[in-house]
Amino acid sequence: MSDKNASSSVVTSLPGTNSAQAARGFVRSVNDWVMECALEDTDISEILNGMVHRLVAAGIPIDRVMVAFKTLHPLYEGVSYVWSKDSGSVERSTHMGVRDDDPDWADSPLKWMSDSDVSFMRRHLIGPGAVLDFPILESFRRNRGTDYYALMTPFVTDRDSTLGSNRIFMTYMTRRPSGFSDEDLATLSGIQRRFAVSCKMRINHEETKTILETYLGSDAGGRVRNGQIKLGDSTKTRAVIWFSDMRNSSSVATHVGDDAFLGEMNDFFSATAGAVLKHGGQVLRYIGDATLAIFPIDENENNVETACVSALYAAAEAQLNIDQLNATREESGKPPFDYGLGMHVGDVIYGNVGVPERVDFTVVGQAANEAARIEQLTKQLGKRVLVSQTVASFISCPTVEMGAYELQGTGVSVKLFAPDFSEACHRLELMRAG
């Protein structure tokens, strides 16, 4: 590959004003449509698809378009959208990391543009003027590409945060033998900033949604996003309630030290709370090393059995995960994980507590307290999992009746059962193997 510092000598000048004026009316109409999409909070896939179809219908020879940017998400760092003439549709992809040691990124024209602060570049892919100084350009030429045009639009995400600035990249490829004309490039440049504004608004929307769901859970995050933010606002939901708590956390912390204990907790939550999410539950709160989660029941209670069975399989999945983790931990000399889990059916109340200037969206209710007290009895009764009679009546696995116990501090006596997850675990193991 040639020296990227020399690449600036082959960057085509941005199309002039006269070329842009030739398509002024069309550019204005596309920009107006893009801004309407921004006001309506249209998904980026839909905006890109609609915009490309307008450009193609106007005679601009587009065979591939890509839009890419970084995003704030706990599982991935970047998102890209690719429209191709071959498929006629937009494909969205997520990218785990945008790192300098990733060859796809390190050798890409987009990284060079970002590092060099170059807002646009053009590469002829065929003919005497062809410049193939990036591996991706070679692949485009093999795919019959003749011309490539890339644009970069920087924008500020949050001046008060460490996130800094972001960039929206947009690239176009054509297979037309003569490539893009000056008028084509003027049109593509003329719509770029409005399209970037529309993308930025959607990116901000998605990042707000991600933050709320990451810290509050999908259901609670949605409620806050929909305006349930005033002190005293509340909603009642019936559900199978899950309360699990790590056992011997003190010995684990002593063994690994305070600095490493956070990682240990994350491993534990991945095995237990991760099982809840995998089987359709909602994690509401982490309380120290405990997890409060629910499997919602609809208003007519038509899905009580489904919710109970989902909770059952989540508990079986958690057991498999912990046993698998402990086998690895034993090899490295770490103390094993253990936990208690109580499951109950009842009403929980989503509500805002605190002071008007600083509220906490939390879950309260007698049933949630009862589930926590059931979990406390697992240690006393020598069982990892205990469920109330309602849960036991809706699950098909064998259970051992443990008797009726008064739940501490509630004045409520509940008949408890210890489920046998052997069959459920066997089914899950077969699914994993398959």
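The values are calculated or read from the model by the stated rules, or taken from the named source; none is laboratory data. This is a predicted model, so every value here is computed, not measured. Every residue, glycine among them, receives a Cβ derived from its backbone with ideal geometry; neighbour counts consider all protein chains shown. Surface areas here come from the heavy atoms of the whole protein model, side chains and all, with no ligands, DNA or RNA. Shrake-Rupley method; radii C 1.70, N 1.55, O 1.52, S 1.80 Å.
Rolling a 1.4 Å probe over the protein heavy atoms of the stretch 273-378, with every protein chain left in place, gives an accessible area that is 48 percent carbon and sulfur. Extension gain, GLN389-ALA58: 0.36 nm per intervening residue step, less the Cα-Cα distance, totals 112.4 nm. Potential lengthening of the chain between HIS426 and ARG167 amounts to 88.4 nm, from the contour at 0.36 nm per residue minus the alpha-carbon distance. On the beta carbon distance between ARG358 and ASP338, with R0 = 41 Å, the FRET formula returns roughly 0.70. Here the Gaussian network model covers the chain, with springs between Cα atoms less than 10 Å apart; of ASP347, ASP289, ASP86, ASP86 fluctuates the most.
For ARG225 and LEU381, the FRET efficiency from 1/(1 + (r/R0)^6), where r spans their Cβ atoms and R0 equals 41 Å, is about 0.50. Largest mean-square fluctuation among ALA106, ALA290, ALA392, in a Gaussian network model of the chain whose springs join Cα atoms under 10 Å apart, belongs to ALA106. Rolling a 1.4 Å probe over the heavy atoms of the protein chains gives the chain an accessible area of 50 Å² per residue.
If R0 is taken as 51 Å, the Cβ-Cβ distance between TYR76 and ASP323 corresponds to a FRET efficiency of 0.95.
Taking each residue as 0.36 nm, the span from SER250 to MET35 lengthens on full extension beyond its C-alpha to C-alpha distance by 71.8 nm.
If one takes the longest principal axis of the Cα atoms in the chain, at what angle in degrees, from 0 to 90 and to the nearest 10, does the Cα axis of helix 422-433 lie? Tilt of helix 422-433: around 20 degrees. Projecting the Cα atoms of ASN204, VAL256, GLY227 onto the charge dipole of the stretch 155-293, computed from C-beta unit charges around the Cα centre, puts GLY227 farthest toward the positive end. Relative to the first principal axis of the alpha-carbon coordinates of the chain, what is the inclination of helix 182-216, with its axis defined by its Cα atoms, in degrees from 0 to 90 and to the nearest 10? Relative to the chain, helix 182-216 is tipped by roughly 10 degrees. Placing dummy labels 7 Å off each Cα toward the beta-carbon, the span from ASP258 to ARG92 is 4.2 nm. Result for the chain in a Gaussian network model with C-alpha springs under 10 Å: among LEU386, LEU416, LEU132, the largest mean-square fluctuation is at LEU132. Each part reduced to its alpha carbon centroid, the stretch 22-46 and the stretch 418-434 end up 52 Å apart.
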